[in-house]
1. What residue, among those in the range B:184-208 that are in contact with a helix residue (DSSP H, G or I) (Cβ under 6 Å, 6 or more places away or on another chain) and in a helix (DSSP H, G or I), is nearest to B:Pro36 (Cα to Cα)?
2. Here are B:Leu10, B:Leu53, B:Leu99, B:Leu113: which of them is within 13 Å of chain A (Cβ to nearest Cβ) and touching a Pro at 6+ places or on another chain (Cβ under 6 Å)?
3. Answer yes or no: is there a residue in the range B:38-50 that is over 29 Å from B:Asn220 (Cβ atoms) and either of a type outside the set (Ser, Thr, Tyr) or facing another protein chain (nearest Cβ under 9 Å) (or both).
4. Within the range B:56-103, how many residues are among the aromatic types (Phe, Trp, Tyr) and over 25 Å from B:Phe26 (Cβ atoms)?
5. Say we look at the range A:72-91 and pick out the residues that are free of Cβ contacts under 8 Å to residues at least 24 places away in the same chain, touching a helix residue (DSSP H, G or I) at 6+ places or on another chain (Cβ under 9 Å) and of a type in the set (Gly, Ala, Ser); which of these is surrounded by the fewest Cβ atoms within 10 Å (Cβ to Cβ)?
6. Check the range B:115-125 and report whether any residue there is of a type outside the set (S, T, N, Q) and within 13 Å of B:Ile153 (Cα to Cα).
7. Which residue out of B:Ala98, B:Ala68 is at positive phi, in the same structural domain as B:Gly48 (by TED's automatic domain parsing) and buried (at least 16 other Cβ atoms within 10 Å of the Cβ)?
8. Considering every residue within the range A:148-168, establish whether at least one is within 14 Å of chain B (Cβ to nearest Cβ) and within 30 Å of A:Tyr27 (Cβ to Cβ).
Amino acid sequence: MEALWLSMRLAACVAVILLVIGTPVAYGLAFSNWRGKFLLESVVALPLVLPPTVLGFYALVAMGPRGPLGKLWIALFGHGLAFTFGGLILASVLYSLPFAVQPLIASFEGVDRKLLDASAVLGAGGLRTFCRVILPLSLPGAVTAAVLSFAHTLGEFGVVLMVGGNLAGVTRTVSIDIYDHVQSLEYGQANRMALVLLAISFVVLSVVYAVNRRVWTPWAAK
Amino acid sequence: MGGEVNATMLAARIRKERRSADASSFVLDVSIEVSPGITILFGASGAGKSTLLDCVAGLARPDEGQIAAGGEVLFDSARGIHVPTPKRRTAYVFQTLALFPHLSAEENVAYGLTELREEERREQVEAILKAFRVEKLGKQRPDKISGGEKQRIALARSLVTEPRVLLLDEPLTGLDAELKASIVDDLRAWNAAKGIPILYVTHSREEVDALGERVIALDNGRVASTGRPMDVLDAPRRKKLAQAAGFENLLSATVLDLREADGVMRVKLGDSACEIEVPLGYAAGDILLATEPPRGLSARNVLDGRIVSLEQRGTMAMARVDCGIAFIVHITPGAVRELELTAGRRVWVVLKTHSCHLVE
């Protein structure tokens, strides 16, 4: 159960951080007319196609005592970043980035541009328009982003193994725990954990689909 | 408009070029002055009406020109002034209305009132909803509100902010005439006290007649004419504008003889043998049909022809008549029955000189 709790904490931290980081990134990608936009789009989507071990490998190198991030971390906090919970969060944020950014972009782009014009004409600047019009109308997208990054982080294996290793209570997440149990032929315990993950994944996806059918958004068109 | 800026007028001199993907370019090049009250901006679609409004509101940036309203310069290419949209205080009601779907009618109207205290804001919202007769709908979301009432709320939302100018882009499309008239009456009543310039875009001839005020006619990015609806639309000199204004019969003609003393000219229509007196552009509803040669008529032009086709169009019938040149004639279904009009029947087309207009 310790592993499950750790995974939950990790996934929750990652989901919150990704909402905070992902929102401005998605806003920029949805609304700017910058020519080089496709480059940023590719970078954001990279974790979708990259093997987790590749991402994990580079994250590990960057976080190691001789990597730029590792050096900075040691200078700031006196200890390394690799094989810590913080390192795990950082790698997971990178790994789940597209799962937060892409639903946000889709919902921002779905907002009728005339509403943005109407807001501007009524005296609202960019920030006010964002808070009062774009964000409320993109709520399903934001929920999808949070839920998907939570679920994706919960189930990750390769990146965690590369960056976090397998330290009980620090970096041993539920998927690694399952792997451990299977390695030691403890199929019963592996099954219990696997069932919990399966149930959580199902609930999470149901939430995403329900929200996107606008089951819970009161202003939905009939 | 020079250096001075009139305190109540909207004055705009705008040049804006737009290139589309197929390399065709469109140039909006206009200079207009709009005094307080309703001014109609009329023209076929693609004439540049919406682009002009977008430039005034700051949603589009002209390549060159000046825009001033309410005594303040909003845009001046020479001086590098481009006041951003939120600071222009130009109210703009779009054809789609763009009411915020997640906010109630009240919240929509209060949206632009950020600088007021809560209490004042509520008072103003209540007052303007009342002025536009929608005070009972304050708590409703837009999707629960009917057409007509939505338009009223959109107007209220724009006007509550005390704008310098009101821009209306076909805001009453799709409403019946009675409803339109009552909304326009409420708008006039509101503006009687405020006296701001209102630029009302439409491509509907009926709406122009109903509003009956000053008209600026746009054609292909230029001001084709300005004046009262009668003067602008009854003598449309440009073909596109003439079609938009409802002149279905646009004929080419050769002048045979000009008799200035009588105020008429004899022309030959197209390559046909028809000769009539006057200049050209007939509304299909202004043409009479007779089943025998008419006698003792004041109309000077009677042409002999044959009905080519006859079709029912809503509450009227449309006949194509070949007199050597084709005319489109609108007649009532009753007349079709009574005169036993059918395709192939010989008829006489009667043209009134005064319903004929010279069109370039």
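The values are calculated or read from the model by the stated rules, or taken from the named source; none is laboratory data. Small disclaimer: the values here were computed from a predicted structure and weren't measured. Reconstructed Cβ throughout: ideal geometry from the backbone, glycine too, with neighbour counts over all protein chains shown.
1. The qualifying residue nearest to B:Pro36 (Cα to Cα) is B:Trp190.
2. Values: B:Leu10 fails: within 13 Å of chain A (Cβ to nearest Cβ); B:Leu53 fails: touching a Pro at 6+ places or on another chain (Cβ under 6 Å); B:Leu113 fails: touching a Pro at 6+ places or on another chain (Cβ under 6 Å).
Among B:Leu10, B:Leu53, B:Leu99, B:Leu113, only B:Leu99 is within 13 Å of chain A (Cβ to nearest Cβ) and touching a Pro at 6+ places or on another chain (Cβ under 6 Å).
3. No.
4. So the first thing to find is which residues in the range B:56-103 are among the aromatic types (Phe, Trp, Tyr), and the list is B:75, B:92, B:94, B:100.
This time we only want the ones that are over 25 Å from B:Phe26 (Cβ atoms), so: B:100.
So the answer is 1.
5. So the first thing to find is which residues in the range A:72-91 are free of Cβ contacts under 8 Å to residues at least 24 places away in the same chain, and the list is A:72-81, A:86.
Subsequent filtering for residues that are touching a helix residue (DSSP H, G or I) at 6+ places or on another chain (Cβ under 9 Å) retains A:73, A:77, A:79-81, A:86.
Then keep just the ones that are of a type in the set (Gly, Ala, Ser); that gives A:80, A:86.
Values: A:Gly80: 18, A:Gly86: 15.
Per the criteria, the residue is A:Gly86.
6. Within the range B:115-125, the first condition is being of a type outside the set (S, T, N, Q), and the residues that meet it are B:115-123, B:125.
Cutting the leftovers down to within 13 Å of B:Ile153 (Cα to Cα) gives us B:125.
Yes.
7. Working: B:Ala68 fails: at positive phi.
Criteria check complete, one pass: B:Ala98.
8. The answer is no; no qualifying residue exists.
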